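Coordinate-derived values only; no laboratory data. Please read all numbers here as calculations on a predicted model, not as lab measurements. For neighbour counting, all protein chains shown are included, and Cβ atoms are generated from backbone atoms with ideal geometry for every residue, glycine included.
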Amino acid sequence: MTGPADFGSPDSVTTGPVPPLRPARRRGGILRRCEEPLWRWGGRVASLIPLAGLTFVLVVLAVKAWPAIRVNGPGFLTRSLWQPGSTYGAPVRTGGVLHPVGSSYGAWPLIAGTLQSSFIAVLVALPISLGAAFALTERLPKWLSRPLGFFVEVLAGIPSVIIGLWGVLELGPFLARHVYPLIANHVPNVAVLRYFRGSTGYGEGLMTSGLVLGLMIVPIIASTTRDLFLQVPPLPKEGGEALGMTDAEVARWITVPWVRSGIIGATVLGLGRALGETIAVAMVSGSILGQVAPNVYGTMTTIAATIVSQLDSAATDGTGFAVATLAEAGLILAVISIAVNVAARGIVNRTSRLAAPVGRV
Amino acid sequence: MAFRTASVVALGFVVGPALWLIVGVIARAVPHWRWNVLTTVPLGNGGGLENALLGTLVIMAGVLVLAGTVGVLAGIHFAELARPKRNGRAGSSSLRVASEVLSGFPSIVLGYVGYVALCVGLHWGFSLLPALLILSLMVVPYIAKSTESALRQVPTSYREGADALGMATGYALRKVVIRSAMPGIVTGVLIALSIAGGETAPLLYTAGITNSLPSSALVHQPIAYLTYYVWTDYNQPSAQAHNLSYDAALILIVLVLILLVSARVIVYRTQRHSESRR
């Protein structure tokens with residue numbers, strides 16, 4: 001009435017500069033705003049704990065091991081004997097450190113046993129894991145590969161003491177009765193294979209330990225490798241097949257190289273697990289001190305197994321020297337395991353940066 | 001063709017021994033299984049495992065509280081709160097390295113340090129507290145790692161959405177980010193608990209052993225656990241002791257299976273309902 005009809009008046013259309021958006025008001029009461037520092041500080045403190053714990057462990061080990069390092073000297077790494085000495089006689093003093101008469105320690109058999117058994121474990125576990133991962137991802141139908149994959153993960157969760165129990169009661173005797181003699185009697189007497197000849201023992205020893213350790217690290221390598229294989233895009237594989245490659249060639253030249261460093265990382269991680277495994281090895285190694293296994297079936301021990309089996313009796317050494325020597329052995333194991341872990345981390349990191357989720361650091 | 005066969009044979013070499021292992025242990029325990037193993041304490045060479053079962057459960061509960069809190073908080077820190085460095089790499093990298101080194105650290109060395117520093121050094125004796133501290137130290141890196149990767153799988157759009165709604169950062173973290181990562185976090189904690197329940201080496205020289213039921217004492221009172229009986233009784237001279245060892249192994253397998261299967265069920269259910277299904 002007072003003017004033309006208000007058709008499409010430009011009132012609702014903003015012309016000119018757009019006013020800046022108001023910053024979003026943080027809603028919520030005082031409690032909700034107090035939450036953030038709580039998470040932040042809780043997280044800070046919690047994430048310091050692994051570092052603090054690791055430092056504490058290493059410092060305690062070093063302090064405890066120091067007297068043993070001074071008395072045992074560098075020869076500790078190369079000698080092959082384990083004599084706690086006489087705890088009845090008066091203790092003697094070497095370089096200001098009190099220790100029982102006649103005590104003399106050498107960790108070479110422990111170091112050798114640790115490295116040998118872990119080497120066997122990786123040697124056995126790697127091909128089996130790769131094959132199993134292939135079977136799970138490429139060969140078997142989904143209804144079968146899913147439960148089997150879960151089964152492999154369950155194997156990773158079986159307590160080591162139970163694997164040790166099985167190793168010493170079932171696997172060891174079985175191998176000693178039916179498998180080892182067969183190998184020992186038919187292997188030719190040449191360079192490396194010589195170690196597969198000779199007395200096969202009762203099933204407790206290097207080979208059994210290596211196989212048990214292998215079974216323990218297979219799930220680690222296999223389930224990681226399976227996840228990695230699933231990430232390999234299908235196009236390169238199909239391309240390979242189109243070029244006439246066989247399954248084995250596709251695996252050899254396309255799938256495995258695609259995730260190679262991931263596999264190496266998982267293998268080194270498994271190696272670290274094998275080096276530090278205690279209980280299972282203590283049960284199946286035969287726990288002989290002061291002697292390197294004469295052949296692959298011979299009884300042996302590892303650093304970890306020695307600590308667990310000797311700490312009890314070491315505590316009876318009034319001078320505390322035996323306990324200190326075990327600390328030195330533990331320190332060696334810690335150094336080996338840290339070196340292996342850092343190496344694995346370096347290898348895995350090189351790959352995982354490629355697969356970093358987009359948009360997040 | 002040979003390659004296909006070889007890969008299936010390799011899988012057989014994994015599954016076969018694993019089946020042999022589980023069936024073998026069960027077959028040794030089941031024929032003489034008595035339910036009162038669960039309700040009596042060891043007596044002479046025989047008796048039951050009530051003390052050890054309850055002890056293991058107490059230890060697992062303690063690890064759940066201690067390592068669960070610390071591990072989940074550390075994982076949240078690594079995934080959400082640690083500031084990225086200027087060169088674009090993730091923050092807190094030295095803490096992360098320490099955590100990963102610790103996760104691969106030999107458990108017996110941790111147990112040794114627990115014995116030397118806590119049981120002897122602090123005069124706590126064989127007891128629950130040093131066992132808990134050492135076991136927790138062992139599984140914290142694991143929980144932190146799984147929490148971190150669960151949080152990293154939460155889509156960025158969730159955080160942006162919460163931000164756009166004007167939610168306070170800490171509140172959004174709890175209500176949106178952590179909630180959607182919860183299945184992954186719980187799975188990691190369950191698996192860590194199964195590790196803790198199945199450990200022997202770090203407990204032997206920190207928890208000690210006793211025939212009595214767990215008490216409320218944190219220190220100066222040893223506590224029993226299942227793995228001890230598996231480890232010592234299998235090579236005792238009496239058949240009763242052997243049976244106790246096999247029983248303990250059976251109970252352990254059942255405990256671990258319960259934890260692992262529930263972890264798997266959680267993963268399966270969330271995968272079925274999540275939008276980012278692969």
Electrostatic dipole magnitude of chain A [Cβ: Lys, Arg +1; Asp, Glu -1; Cα centre; debye, to 20]: 800
Which angle between 0 and 90 degrees, to the nearest 10, do you get for helix B:179-198 versus the longest principal axis of chain B when only C-alpha atoms count? 20
Using a Gaussian network model of chain A whose springs link C-alpha atoms within less than 10 Å, name the residue from A:73, A:265, A:298 with the highest mean-square fluctuation. A:73
Tally Lys/Arg at +1 and Asp/Glu at -1 over every other residue whose Cβ is under 11 Å from the Cβ of residue A:283; what's the total? -2
How would you order A:237-248, A:131-142 from highest to lowest mean count of nearby Cβ atoms within 10 Å? A:131-142, A:237-248
Mean other chain Cβ within 10 Å across A:148-158 is 6
Please order B:83, A:252 by the number of other Cβ within 10 Å, starting at the fewest. B:83, A:252
Cα-derived Rg over Rh, computed across the protein assembly as shown with Rh taken as Kirkwood radius: 1.04
Could the peptides B:13-24, B:245-256, A:119-130 be put in order, highest first, of the mean number of other beta-carbon atoms found within 10 Å of their residues? B:245-256, A:119-130, B:13-24
Over all residues in A:270-282, what is the mean tally of Cβ atoms on other chains that come within 10 Å of each residue's Cβ? 4
Over all directions, what mean area does the Cα convex hull of chain B project, stated in square nanometres? 20.5
Computed helical MRE - 222 nm, chain B, DSSP H runs ≥ 4 contributing -39500 (n - 2.57), nearest 500: -21500 deg cm²/dmol
Quick one: angle between helix B:50-76 and the longest Cα principal axis of chain B, in degrees between 0 and 90, rounded to 10, please. 20
Where the only charges are on Cβ atoms (+1 Lys, Arg; -1 Asp, Glu), what is the dipole of chain B about its Cα centre, to the nearest 20 debye? 1100
Could you work out the per residue convex hull volume over the alpha carbons of the stretch A:177-292, in cubic angstrom? 163
Can you compute the FRET efficiency between residue B:19 and residue B:258 using 1/(1 + (r/R0)^6), with r the Cβ-Cβ distance and R0 = 22 Å? Round to the nearest 0.05. 0.70
Taking every residue of B:25-35, the Cβ atoms of other protein chains inside 10 Å of its Cβ average out to 1
Does chain A classify as rounded, prolate or oblate by the C-alpha gyration tensor (a ≥ b ≥ c root eigenvalues; a/c under 1.5 gives rounded; else a/b over b/c gives prolate, otherwise oblate)? oblate
Relative contact order, percent, chain B [alpha-carbon distance under 8 Å, six or more residues apart]: 26
Quick check: Cα centre of the stretch A:289-312 to Cα centre of the stretch A:314-347, how many Å? 15
For the stretch B:141-185, what is Rg from Cα atoms divided by 2.2 N^0.38 Å, rounded to two decimals? 1.15
Cβ-defined net charge surrounding residue B:10, 13 Å radius [Lys, Arg +1; Asp, Glu -1]: +2
Among B:183-192, A:88-97, what's the highest-first ranking by average C-beta atoms within 10 angstrom per residue? B:183-192, A:88-97
Find out how many positive minus negative residues lie around residue A:295, taking Lys and Arg as positive, Asp and Glu as negative, among other residues whose Cβ is under 15 Å from that of residue A:295. +1
